[in-house]
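First up is the structure itself, then whatever we jot down about it.
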Amino acid sequence: MKHPTLILSTFLLLLSISPPAHAAGGKWQLLQQNIGISAMHMQLLHNDRVVLFDRTDFGKSNLSLPDGKCVGNDCTAHSAEYDVTTNTFRPLTVLSDVWCSSGSVAPDGRLIQTGGFTNGERRVRIFEPCTGCDWKEIENGLAARRWYATDHILPDGRQIIIGGRRQFNYEFYPKSASTNKVFSLPFLVQTNDPDAENNLYPFVFLNVDGNLFIFANNRAILFDYVKNNVVKTYPQIPGGDPRSYPSTGSAVLLPLKNLKARSIEAEVLVCGGAPTGSYIKATKGTFTGALNTCARIKITDPNPQWVLETMPQPRVMGDMTLLPDGTVLLINGASNGAAGWELGRNPVLNPVVYRPDNAAGSRFEQQNPTTIPRMYHSTAVLLRDGRVLVGGSNPHPNYEFTNVLFPTELRVEAFNPDYLDAKYGNLRPKIVTPKSQAKINYGKKLTIRFSVTGTLATNSVSVTMVAPSFTTHSFSMNHRSLVLASENVKSVGKSAYEIEVTTPASGNLAPSGYYLLYVVHQQIPSDGIWVQIM
């Protein structure tokens, strides 16, 4: 237990460095009291169902497999499908250990899930979004063992799998004759801290030029995966503290805008983490205060530099989720310690909304708190209706529901950002056409018809496309938001309007696949529709 003097000094320090936060907002909604498993990994699919799973060596879960089915001696599920529309769930069957694995969604909408622990470390698992479907597994689908790796969909539809414990390399899926091997990535050796690593689950984003921004530990490179060549080396984050697992911060690629410009800017935001040495100290019972800074960088600049900002509170093991109104939600995590078994303390219950377009010093808005601590192995994903699904938290090597500081968490809840408040109902657009599941093409005009019951502010209408994330261990893989280039907004009837936009020009901006498309009016988004860009 912390010494009272340390608690007081930490509190006074936070008062002195935290910027003033706006009034709290947002609401919480408990969806399921017991979903049976802990949501360590989550992915929203284009049928509005979320696949979630934990690991197979926790022991027995609280969700039975159907029809008396068992995997070995375990007749309980370690994966489930949650139906957002009906608020129901069903068990799924994984045959290998998915602990600390990774994934992304293929252009055709299938979840391609990779790696894990022991018998799962070289597995590829495929989940097709169809009624009654279950996991299919490819036993040796990977060339190397992948545990704590990161996946990203590429412009050509392939998936790149980067790093993992003791894997300083990358590979591709699906395989071809020339890619059925691993490719060395010395950057992962250079960012590997003795005894702590701090370069696992690297933050990976597809840049607008088709190269990959790869962040590990406290620095980043721009990487040409085709030529296996480092294009650019970015400066170290000021202060030099690690931000990758287990000193776990989080990161997002901020919404891409001005998509028809000759030169498109891309910015990355990295928030939270733990100071150097925190992981080792936590294993010995000393829980260091987490970092209270975000670092932002224009990765497309000729001479990019990190700019630090101060969050309302420190946060380690937090999740960052792109919202349809162009803001970023920081949620989950702790204010002390590091990622690992029993290594986090003092849960951060208040989410924070980050407004990237506001002036520096006025970008953070603290939100209303949850009552459920979300510690190690928590997740958050954006849903089509603009809510954020929140689950998980199991900082133990087994399912532990009693006699522990933070019990295994089987509850699933939703955070409703302010834009969902009923008072904004007359400003909220409703998309009429195209219908959900529409197919769109690159660089084409797209007319969207929508309705608004109140007075429309024609100069405050935009259209966003958001790629849903595969979220685990505080990183939302493949998460991406684009503000489409828009032309005129015109009235086409009573409370009915049309806006014409231009779709992204190439797979470098938006890799082929399913996206959530929203109309946003005065910062109030519609319900999304699913579109598949091809």
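The values are calculated or read from the model by the stated rules, or taken from the named source; none is laboratory data. For clarity, every value in this text was computed on a predicted model and none was experimentally measured. In this analysis, Cβ positions are derived from the backbone assuming ideal geometry, glycine residues included, and neighbour counts consider all displayed protein chains. Side chains are part of the model used for accessible areas, which takes the heavy atoms of the whole protein and leaves out ligands, DNA and RNA. Shrake-Rupley method; radii C 1.70, N 1.55, O 1.52, S 1.80 Å.
Just want the answer: with Cβ charges of +1 for Lys and Arg and -1 for Asp and Glu, which residue in 420, 407, 454 is farthest toward the dipole's positive end in the stretch 403-454?
454
Would you work out if the stretch 136-206 is rounded, prolate or oblate? Take a ≥ b ≥ c from the square roots of the eigenvalues of the alpha-carbon gyration tensor; rounded if a/c is under 1.5, else prolate when a/b is larger than b/c, oblate otherwise. Before the final figure, lay out each step's value.
Details: a/c = 1.89, a/b = 1.62, b/c = 1.17.
Judged from the Cα gyration tensor, the stretch 136-206 comes out prolate (a/c at least 1.5, a/b above b/c).
How much of the accessible area of the stretch 416-534, probe 1.4 Å, is carbon plus sulfur, in whole percent?
Carbon-and-sulfur percentage of accessible area, whole number: 49.
Specify the inter-centroid distance of the stretch 35-111 and the stretch 186-239, based on alpha-carbon positions, in whole Å.
Between the Cα centre of the stretch 35-111 and that of the stretch 186-239, the gap is 31 Å.
Give a quick list of GluC sites (Glu not before Pro) in the stretch 176-285 that DSSP marks as loop, anything other than H, G, I, E or B, with at most 15 other Cβ atoms within 10 Å.
Loop-located and lightly packed - 265.
Rolling a 1.4 angstrom probe over the protein heavy atoms, how many square angstrom per residue are accessible across the chain?
37
Output the relative contact order of the chain, whole-number percent, from Cα pairs under 8 angstrom with separation of 6+ residues.
Value for the chain: 15 percent.
Would you please put 416-422, 268-274 in order of how densely packed they are, using the mean number of other Cβ atoms within 10 angstrom per residue and starting with the highest?
268-274, 416-422
Using 1/(1 + (r/R0)^6) with R0 = 35 angstrom and r between the beta carbons of residue 368 and residue 189, what's the FRET efficiency to the nearest 0.05?
Calculated transfer efficiency: 0.20.
Within the chain, what percent of beta bridges assigned by DSSP are antiparallel, to the nearest 5?
95
Compute the length gained on full extension between residue 284 and residue 422: take 0.36 nm times their separation in residues and subtract their Cα-Cα distance, giving the result in nm to one decimal.
44.8 nm
Determine, for each peptide in 88-96, 400-408, the mean count of other beta carbons within 10 angstrom over its residues, then list the peptides with the highest first.
88-96, 400-408
Could I have the simple spin-label model distance between residue 508 and residue 230, label points 7 Å from Cα toward Cβ, reported in nm to one decimal?
2.2
Quick one: give the max-minus-min coordinate of the C-alpha atoms of the chain along each principal axis, largest first, in Å.
66, 55, 49
Restricting to DSSP loop positions (anything but H, G, I, E, B) with no more than 15 other Cβ atoms inside 10 Å of their own Cβ, which trypsin sites (Lys or Arg not before Pro) remain in the stretch 48-111?
60, 69
Quick one: if you stick a label point 7 Å off each Cα along the C-beta vector at residue 488 and residue 118, how many nm between them?
Rounded to a tenth, the inter-label distance reads 6.6 nm.
Work out the length of the dipole vector of the stretch 222-378 about its Cα centre, built from +1 on the beta-carbon of each Lys and Arg and -1 on the beta-carbon of each Asp and Glu, and round it to the nearest 20 debye.
180
Distance check, please: which entries in 60/175; 175/232; 260/444; 175/445; 227/257; 298/444 exceed 23 angstrom between their Cα atoms?
Too far apart for the 23 Å limit: 60/175; 175/232; 175/445; 227/257; 298/444.
Report the calculated FRET efficiency for residue 73 and residue 403 (r = Cβ-Cβ distance, R0 = 25 Å), to the nearest 0.05.
0.50
Suppose every Lys and Arg Cβ carries +1 and every Asp and Glu Cβ carries -1, with no other charges. What dipole size does the chain come out with about its Cα centre, to the nearest 20 debye?
620
Spelling out what I want: for every residue of the stretch 85-102, take phi, set θ = phi - 60°, compute 6.51 cos²θ - 1.76 cosθ + 1.60 (Karplus), and round to whole Hz; glycine and proline get x.
Values per residue, Gly and Pro as x: 5, 9, 6, 10, 8, 9, x, 10, 10, 9, 9, 9, 7, 8, 4, 6, 9, 8 Hz.
Order of 466-472, 526-532, 235-241 by packing, highest average Cβ count within 10 Å first?
466-472, 526-532, 235-241
Can you list the lysines whose alpha carbon sits under 16 Å from that of residue 430, skipping same-chain ones fewer than 8 residues off?
490, 494
Can you return the aspartates and glutamates within cross-link range of residue 281? Criterion is Cα-Cα under 15 Å, with same-chain partners fewer than 8 residues away left out.
Straight-distance partners of residue 281: 193, 195, 197, 241, 342.
Set the Förster radius R0 to 30 Å, insert the Cβ-Cβ distance between residue 439 and residue 496 as r into 1/(1 + (r/R0)^6), and round the FRET efficiency to 0.05.
That pair, residue 439 with residue 496, gives E of 0.80.
If each of residue 32 and residue 180 carries a label point 7 Å out from its Cα toward its Cβ, how far apart are those two points in nm?
Taking the simple label geometry, residue 32 and residue 180 are separated by 3.9 nm.
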